[in-house]
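The numbers here are math on the coordinates, done by the rules we state, and not lab data. This one's a predicted model, so the numbers in the text were calculated from it and none came from an experiment. Positions of Cβ are backbone-derived with ideal geometry, glycine not excepted, and every protein chain shown enters the neighbour counts.
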Amino acid sequence: MRVLIIFNHPYEGSFCTAILGAVQRGLLAGGHGCDVINLDQDKFDPVMRPKDLKAFGMARTRPDDAAKLLDPQVGDYKERIEQAEHIVFIFPIWWELMPAMMKGFIDKVIFPGIAYNQTDGKNGGMVSRLEALRGVTVVTTMNTPSLIYRLLFGNAVKHALLTGTLWKIGVRNRKWINLTSVKSRSREQRQKWLAKIESRMRRLS
């Protein structure tokens, strides 16, 4: 299976970086192809510029003209997500949501004419353009306890990304691995998490 990892964490010594390593080891052990978009290393610009918004507006009726306005970096990401059979997002949860680069990736790459097409229905429906995609796994870390994040903050990432973005564009197979209270966890617990993630990626189907 061709797997695309979309990674966002600026610190190379982070637990997210350890998760990235576990995901890569598992995928390679399972015989899967593994491509990594490291948004921080790519120095990805997450800001929607005027030309990006213009492209968004014309993508439905003038897709070729819209594509010409996109950054070359977005064009590269477009080709890579089109080839992916599974996508793995890895990022920390900061202030209850994803960091700016990951949000910018969603804004600029999960985009009409790239990840989905808008239908003619009166409700402005969407249909996925990612024909090869079988599913998505989101792996997140946070220091908030799980119960508080769920009850007080309403599982914000789940609603914003898994439902409000991926479900909306037609991705049916969506999994979320949320590792909580990370700073207070023991080294042994973190190693167990990494081993479980590695095993899960090895068995990905």
**Item:** Exposed chymotrypsin sites (Phe, Trp or Tyr not before Pro) absent: longest stretch of the chain, with sites in DSSP loops and at most 12 other Cβ within 10 Å deemed exposed
**Value:** 96-205
**Request:** Could you work out the longest stretch of the chain that avoids the GluC sites (Glu not before Pro) located in DSSP loops with at most 12 other Cβ atoms within 10 Å?
**Result:** 13-130
**Request:** Be a star and scan region 139-154 for residues whose amide nitrogen sits under 16 Å from the point 7 Å along the Cα-to-Cβ vector of LYS192.
**Result:** 146
**Asked** Which value at 222 nm does the chain reach when only helices count, each DSSP H run of 4 or more adding -39,500 (n - 2.57), with the total divided by all residues and rounded to the nearest 500 deg cm²/dmol?
**Response** -11000 deg cm²/dmol
**Message:** Here are a few candidate values for log10 I(q)/I(0) by the Debye sum over Cα atoms at q = 0.09, 0.19 Å⁻¹: (i) -0.35, -1.47; (ii) -0.48, -1.27; (iii) -0.39, -1.26. Which one was actually calculated from the structure I just gave you?
**Reply:** (i)
**Prompt:** Quick one: length gained pulling ASP71 to SER146 fully straight, 0.36 nm per residue minus the C-alpha distance?
**Reply:** 23.2 nm
**Asked** Which whole-number percentage describes the relative contact order of the chain, with Cα contacts under 8 Å and a sequence gap of 6 or more?
**Response** 27 percent
**Asked** Past the 21 Å Cα-Cα mark, which pairs from LYS54/LYS78; LYS43/LYS168; LYS103/LYS183; LYS54/LYS103; LYS43/LYS78?
**Response** LYS43/LYS168; LYS103/LYS183
